[in-house]
Amino acid sequence: MVASNLNFLVVDDDALLRQTAKNVLRSFNAENIHEAADGLQALDILKKKETHPVDIILCDLNMPEMDGMEFLRHLGEAHSDISIVIVSAHDDDLLGAVASMAAAYGVRFLGSAQKPVTPDRLQSFITQHKGLPPPKASRPAATQLFTVDEILHGIAQNQFEPFFQPKVSFDTGKIKGAEALARWRHPQQGLVAPYAFIDALEKSGNILSLTLSILEKAAAASRQLHDAGYPLPIAVNLSLDLLGNPALADKITQTVKNAAARPQDIVLEITESVAMIDVAHSLENLARLKMHGFSLSIDDYGTGFSNMQQITRVAFSELKIDQTFVKNCTENDQLCVMLRSSIEMAHKLKMECTAEGVETKQDWDTLKAMNCDTAQGYFIAKPMDLASFFEFCKKDTFSQN
């Protein structure tokens, strides 16, 4: 019954290999299996999703008419909720490059396998697919949902609140804290995700108002958690472009104290949306925040302007590896090398290392074997409101089952 409720599409120009893959799928009780000889035929099938639903695609790379890479591009543009497995005779370097390309196109990439795919390998992909979170709603490409004035009005009306995503120890499974992520409870649109307002606030120079609002509520939540017997640090994002304001550290410190919380219980995750331009003021703010008792974390390490120079400039206590390096790390030797190096570097610099975007048991096992300290991601829990986070804390220890 492993695959009895799933729909498959096998895309390969070799009829014998298509039949082999179908036979393996049928051994898992798969009943709904479509097939195509190239990407064009596969796209035609996907257009008939009402009568030909597809959950998982097994796809070759080198095919006539439309090869696997072009097909992945179209899949990412129109069918990002479908999981993909590359089945190919090409070497691991090429398969790793294709995995990166698939991620860039927004494809739900499960991994790759050499031809012919074996039952054990295929079963692992099916298990991984079942463990994935529901597909995220696609973002509007060119339409901005809200104006800056509407967003600022929502902040003034106290409509924004933190949702808490737990951070768990790889070693013990115990909860080590949480990251506070902004959500907008819009009176008409319901719960609104950050993509609809963060960029607009940053580009207009208004991100500070949201930062202080979320910080105040996260600090109040930290106090409540401590009072209830859960002394957990709460992390709040702090855009690097705010640090040019010489008064920022004092504003942040006062906001936390006004909520009757302690700076020692707050982690500030420095997100680098722009380069550190006003270096002197930025370093002064970070040093003052550290002096006041805040812990500092370098967020999204490996992307944008996050680099070793910034680490040497600031007394960070945590390094957070960006989820783009975590996703598919089990299938990509190059990503594994980068992850292992980042973890080792963090430890040598006496920093905790946190992996973001841990979505599967495979991710968990791989990173645990690398001695990563902390995990954060959908495999553990989605971001949740404070009441739900209190319930999560009652479990004390995260269960992988």
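The values are calculated or read from the model by the stated rules, or taken from the named source; none is laboratory data. Quick caveat, the model's predicted, so the values are computed rather than measured. Cβ placement follows ideal geometry from the backbone for every residue including glycine, while neighbour counts extend to all protein chains displayed.
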Subject >> Members of the stretch 315-368 that are hydroxyl-bearing (Ser, Thr, Tyr), under 16 Å from the mean Cα position of the chain (by Cα) and part of a loop (DSSP other than H, G, I, E, B) >> reply: Thr360
Original post:
Residues in the stretch 12-31: is at least one aliphatic (A, V, I, L, M) and in a strand (DSSP E or B)?
Top reply: no
Subject >> Any hit, the stretch 373-384, residues being of a type in the set (A, V, I, L, M, F, W, C), over 17 Å from Pro166 (Cβ atoms) and either in a loop (DSSP other than H, G, I, E, B) or in contact with a strand residue (DSSP E or B) (Cβ under 6 Å, 6 or more places away or on another chain) (or both) >> reply: no
Original post:
Are any residues in the stretch 18-27 surrounded by 17 or more Cβ atoms within 10 Å (Cβ to Cβ) and either of a type in the set (A, V, I, L, M) or farther than 22 Å from Asn62 by Cα (or both), and if so, which ones?
Top reply: Ala21, Val24, Leu25
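Results for (1) in a strand (DSSP E or B); (2) of a type in the set (A, V, I, L, M, F, W, C); (3) closer than 17 Å to Leu181 by Cα; (4) assigned by TED's automatic domain parsing to the domain that holds Ala315, shown as yes or no for each residue.
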| residue | (1), (2), (3), (4) |
| --- | --- |
| Gln224 | no, no, no, yes |
| Ala235 | yes, yes, yes, yes |
| Asp241 | no, no, no, yes |
| Asn245 | no, no, no, yes |
| Thr253 | no, no, no, yes |
| Val256 | no, yes, yes, yes |
| Ile270 | yes, yes, yes, yes |
**OP:** Evaluate the stretch 153-160: report whether one residue or more is of a type in the set (A, V, I, L, M) and touching a His at 6+ places or on another chain (Cβ under 6 Å).
**Re:** no
Original post:
If you go through the stretch 115-126 one residue at a time, do you hit one that is at pLDDT below 95, among the charged types (D, E, K, R), closer than 22 Å to Ala375 by Cβ and out of contact with any Pro (no Cβ under 6 Å at 6 or more places or on another chain)?
Top reply: no
Original post:
Is there a residue in the stretch 141-163 that is modelled with pLDDT of 90 or more, out of contact with any Asp or Glu (no Cβ under 8 Å at 6 or more places or on another chain), surrounded by 13 or more Cβ atoms within 10 Å (Cβ to Cβ) and within 25 Å of Glu359 (Cβ to Cβ)?
Top reply: yes
Subject >> Count of the stretch 182-195 residues which are surrounded by fewer than 18 Cβ atoms within 10 Å (Cβ to Cβ) and under 27 Å from Ala375 (Cβ atoms) >> reply: 4
Original post:
Looking at Ala42, Ala3, Ala36, which one is among the small types (Gly, Ala, Ser), closer than 19 Å to Leu110 by Cβ, surrounded by 19 or more Cβ atoms within 10 Å (Cβ to Cβ) and over 30 Å from the mean Cα position of the chain (by Cα)?
Top reply: Ala36
**OP:** Could you figure out which of (1) small (Gly, Ala, Ser); (2) modelled with pLDDT of 95 or more; (3) within 21 Å of Ile270 (Cα to Cα) isn't true of Ser169?
**Re:** (3)
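Yes/no matrix, rows are residues, columns are (1) free of Cβ contacts under 8 Å to residues at least 60 places away in the same chain; (2) in a helix (DSSP H, G or I):
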site	(1), (2)
Pro64	yes, no
Met69	yes, yes
Arg73	yes, yes
Ile84	yes, no
Val87	no, no
Val98	yes, yes
Ala102	yes, yes
**OP:** Answer with yes or no whether His186 is more than 18 Å from Lys257 (Cβ to Cβ) and not aromatic (Phe, Trp, Tyr).
**Re:** yes
Original post:
Do we have Ala221 as touching a residue at least 40 places away in the same chain (Cβ under 8 Å), surrounded by fewer than 17 Cβ atoms within 10 Å (Cβ to Cβ) and either closer than 24 Å to Phe316 by Cβ or of a type in the set (A, V, I, L, M) (or both) here?
Top reply: no
**OP:** Answer yes if at least one residue in the stretch 361-373 is modelled with pLDDT under 90 and crowded, with 18+ Cβ neighbours inside 10 Å, and no otherwise.
**Re:** yes
Original post:
For Ala15, are the conditions met, namely being loosely packed, with under 14 Cβ neighbours inside 10 Å and in contact with a Lys or Arg (Cβ under 8 Å, 6 or more places away or on another chain)?
Top reply: no
